[in-house]
1. Just give me the residues in region 199-217 being loosely packed, with under 14 Cβ neighbours inside 10 Å and either within 16 Å of residue 257 (Cβ to Cβ) or at pLDDT 80 or above (or both), in sequence order.
2. Restricting attention to region 102-114, does a residue exist that is closer than 18 Å to residue 33 by Cα, modelled with pLDDT under 90 and among the aliphatic types (A, V, I, L, M)?
3. Among the residues of region 232-255, what is the count of those that are out of contact with any Asp or Glu (no Cβ under 7 Å at 6 or more places or on another chain), surrounded by fewer than 16 Cβ atoms within 10 Å (Cβ to Cβ) and under 28 Å from residue 272 (Cβ atoms)?
4. Among (1) over 19 Å from the mean Cα position of the chain (by Cα); (2) at positive phi, where does residue 267 come up short?
5. Hey, can you tell me all the residues within region 226-239 that are touching a Gly at 6+ places or on another chain (Cβ under 7 Å) and in a helix (DSSP H, G or I)?
6. Give me a count of the residues in region 309-329 that are of a type outside the set (S, T, N, Q) and more than 23 Å from residue 211 (Cα to Cα).
7. Taking residue 19 as the residue in question, decide whether it is at pLDDT below 80, under 30 Å from residue 104 (Cβ atoms) and not in a loop (DSSP other than H, G, I, E, B).
8. Restricting to region 61-82, and then to whatever is of a type outside the set (Val, Ile, Thr), in contact (Cβ under 8 Å) with a residue 60 or more places away in the chain and over 19 Å from residue 131 (Cβ atoms), can you tell me which residue is surrounded by the most Cβ atoms within 10 Å (Cβ to Cβ)?
Amino acid sequence: MRKISLLLTISLLTLSISSMLLAQEDVQNSKDHPLISRYPDFHIKKYFQVEFDEAELMVAEFDKKTKKAETIKLEGKITNISYVANKKHLEVSLLQLYKNYEKALKKLNAKFIFTCRNESCFQGDGFGNGTSVGLWVNKIINLYKGVHTSIKKEFGILTATIPTSGTEKIHIMVVVSLEHINGYRNILISIVEPEILDTDKVGIGSPNEMQQAIAAQGKVVLEGIYFDHDKASIKPESAKTLEIIASYLQAKSDVRFYVVGHTDSSGSYEYNYRLSKNRAQAVLDTLVETHNIDPTKLKAVGIGPVSPATSNDNNAGQATNRRVELVLMGQ
């Protein structure tokens, strides 16, 4: 009886382990877009989303000679998702994937800008296949930004616009692809939503406004400093704000400040801590190196997601929580 029980336990354990090995989890902090979801038995391998940025979508055949294709350039909220089949040689053809997404887009009243499959995706003489398209896409910084694509020999492309409740349109590009070597199916979805950049976000209009905020709260949010996504490199459009901060600090040469970096709650604590510290340090370094601020008057501190200004439950809240503050040091 004990032997049967042991065998049963081993069998159940083996089945459990097999199930865990077969199950494919989505990459951390990723999710389906509410507009259009995944095909069954696929998981999210790569995910990228940003509140406001530039993007490009393919709207014409790939030229075999120039190794390029015409694109449409857009601005807005960008979501790029790369799905991969949970297992090799999934019993679904590329045509089946293509037709399912075509039907899903039609249900959303989509207007197709460009559609193609395999050879119809090319123009001109010379050699061209899905791999050549994939190589080109991965060289274009704004095309599938943040997601290294995997477009292989057999593939199809659907680019369309979807009407919203207002006059604006959502743009979407779907690429389905088959890797012949390992048999995996891939689905790449890029969605650009019409978001208006909040140009009123810059709250530091003058050194006097900074003084008023610090006098009232002991700190000021350095609105108007922008970073590349998931990096500590400061964007050029932050220059004016940095000039104002420098002017304030030059007038307060006898006072010391913390430069404090904050993040939202997406990702691990360790990653967010490093990112927040690196961003604070980048601001400090720019003030010292470009504006000749005394480095002994500033100290860079990163605290990651532990002190949110508001809820992280939505994109707007997360954007607010990603910030750098100038905090008055105690005497």
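1. So the first thing to find is which residues in region 199-217 are loosely packed, with under 14 Cβ neighbours inside 10 Å, and the list is 199-201, 205-206, 208, 212, 215-217.
Passing the criteria: 208, 212, 215, 216, 217.
2. Taking region 102-114 and keeping what is closer than 18 Å to residue 33 by Cα, we get 102-110.
Filter again for modelled with pLDDT under 90, leaving none.
So far as region 102-114 goes, no, none of its residues is closer than 18 Å to residue 33 by Cα, modelled with pLDDT under 90 and among the aliphatic types (A, V, I, L, M).
3. The total comes to 5.
4. (1)
5. Of all residues in region 226-239, those touching a Gly at 6+ places or on another chain (Cβ under 7 Å) come to 229, 238.
238 - this is the single residue of region 226-239 that is touching a Gly at 6+ places or on another chain (Cβ under 7 Å) and in a helix (DSSP H, G or I).
6. Initial filter on region 309-329 (of a type outside the set (S, T, N, Q)): 309, 313, 316-317, 319, 322-329.
Add one more test, that the residue is more than 23 Å from residue 211 (Cα to Cα), and what stays is 313, 316-317, 319.
Looking only at that region, the number is 4.
7. Values: at pLDDT below 80: yes; under 30 Å from residue 104 (Cβ atoms): yes; not in a loop (DSSP other than H, G, I, E, B): yes.
Yes.
8. Restricting attention to region 61-82, the residues satisfying the condition of being of a type outside the set (Val, Ile, Thr) are 61-65, 67-70, 73-77, 80, 82.
From the residues that got through so far, the ones that are in contact (Cβ under 8 Å) with a residue 60 or more places away in the chain too are 61-65, 67-69, 73-77, 80, 82.
Imposing the further condition that a residue be over 19 Å from residue 131 (Cβ atoms) reduces the set to 73-77, 80.
Numbers: 73: 11, 74: 18, 75: 14, 76: 21, 77: 18, 80: 23.
Here the residue is 80.
The values are calculated or read from the model by the stated rules, or taken from the named source; none is laboratory data. Given the structure is predicted, the values throughout are model-derived calculations rather than measurements. FYI the Cβ positions are ideal-geometry reconstructions off the backbone, even for glycines, and counts take in every protein chain you see.
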